[in-house]
Structure formats: structure tokens, C-alpha cells
1. Given a 1.4 angstrom probe, I'd like the percentage of the accessible area of the stretch 1-159 that is carbon and sulfur, rounded to a whole number.
2. From largest accessible area down, sort 43, 62; use a 1.4 Å probe on the protein chains.
3. Mind ordering 80-89, 2-11 by average Cβ neighbours within 10 Å, highest first?
4. Tell me, in nm to one decimal, what length is gained between residue 7 and residue 121 on full extension, where the rule is 0.36 nm per residue of separation less the Cα-Cα distance?
5. Suppose all protein chains stay in the model; what accessible area per residue would a 1.4 Å probe give for the chain, in Å²?
6. For a protection proxy built on the mean count of beta-carbon atoms within 10 angstrom, sort 91-99, 124-132 highest first, please.
7. What full-extension length gain, to one decimal in nm, is calculated for residue 52 and residue 19 as 0.36 nm per residue of separation minus the Cα-Cα distance?
8. Go through [x] 1.12; [y] 0.97; [z] 1.07 and flag the label whose value is the computed Rg/Rh (Cα atoms, Kirkwood Rh) for this structure.
Amino acid sequence: MLWSPRVDPAVLFLEPTPLMLPAMRLAEIDDLSPTKRSPDGDHRLFGSRPDVAQVMLLPEVHPGTALAAVVILDAQALDRIEALTRFVQRWQRRSISPDSRMTAQQRRRFRQMIQAADGWNSGASYREVATVLFGSERVRSEPWETAALREVVIRLVAGGNALIDGGYLKLLRRRRRPSH
């Protein structure tokens, strides 16, 4: 899946190196798949799941071009630098740092929200959703009408529907402290 660079700060911009310094050349990046051309540049994917980087080769980039990365200085600059670090680690075949925009716990929770919303929107009851997510034994362990698990499932469905309605875009950006 390709994301718009306006939405995902992990999309890397690569352009010709402005100085004649030794730099990585486009031809040195193996496993760089041609994906989509646009007037703004050539969108490509680099690496393999789960550690895929999306790069955008700006129009002046050709196979022998020495490359430089453009880091936009905006509110997502740290996310962009982290994405660049993971890209270089992939290219140098080093161990890849995890994407810190979401914790493992958050990933599990988002997965449950999407599963719950999908079940509910497909006609399953909250109880049926709970049975799929948590098992029939746990659902039967207390009266359903007053069960805490029932409230958990209702919140999961609501959260999943919020993600489906566009809230998923927040997953692409790290949470920020409000500035004072």
C-alpha cells in the first residue's frame, strides 16, 4: 500500500546529492520495486514485510544518481528522521529499529478494534463479537447484561468504527504533547 507523503511522515524523499560526496547510488539499492509514477516523483517500496519503507524518488533521480534524503522540517520531522534511520539500517543490512509510532500493545488493541467493528458491522451481536475475540468460556463466566467484558466490546466496536471513519490516519503519526 502506498501512502501520500502529506499523510505519512515515514515516506522518504530521495533526490540527487547536492555535493560531490561519495553517497549511496540508486543502483546500489536492491529490492527497490517500481510501484507508481506521478508528476511529483516515482513512488517505490524498499524491503520486505514487515519492514517495508516507502520512498519517493524526486524527478531528477536516475539510476546512477548519488542520493540524498530530504527531511522536511515540520511537526513530523522526528518521525521522518526515524523513518530515514530505518531505511539506512535496511540498506546496510543491519538490524532494523522498530517503528515507535505505535507500541505492540497499541497494535493489538487496534487489531481488536477493527475485528470488533468488522464483526458488528457484519451483523454479529456484541456477545458474538466477544466470543470470537475472547472465547466462549470467558463470555459465559458472568451474566452478559452486567459483564465488564460487554462494555469492553462496545468500546472496541466504537473505536474500530472511529478508525474506519478516518481515525486510522492518526496511526501514521506519533502522539505529541500539546505545546503550551
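1. The nonpolar share, carbon plus sulfur, comes to 56 percent.
2. Final ranking, largest accessible area leading: 62, 43.
3. Taking the mean over residues of other Cβ atoms within 10 Å, the ranking is 80-89, 2-11.
4. Computed gain between residue 7 and residue 121 is 38.4 nm.
5. Using a 1.4 Å probe on heavy atoms only, each residue of the chain averages 64 Å².
6. So the order, starting with the most tightly packed, is 124-132, 91-99.
7. Between residue 52 and residue 19, full extension yields 9.0 nm more.
8. Working out Rg/Rh (Cα atoms, Kirkwood Rh) from the coordinates points to [x].
The values are calculated or read from the model by the stated rules, or taken from the named source; none is laboratory data. These numbers come from a predicted model, not from an experiment. Backbone-built Cβ (ideal geometry, glycine too); neighbour counts: all protein chains shown. SASA here: full protein model, heavy atoms, side chains in, ligands and nucleic acids out. Shrake-Rupley method; radii C 1.70, N 1.55, O 1.52, S 1.80 Å.
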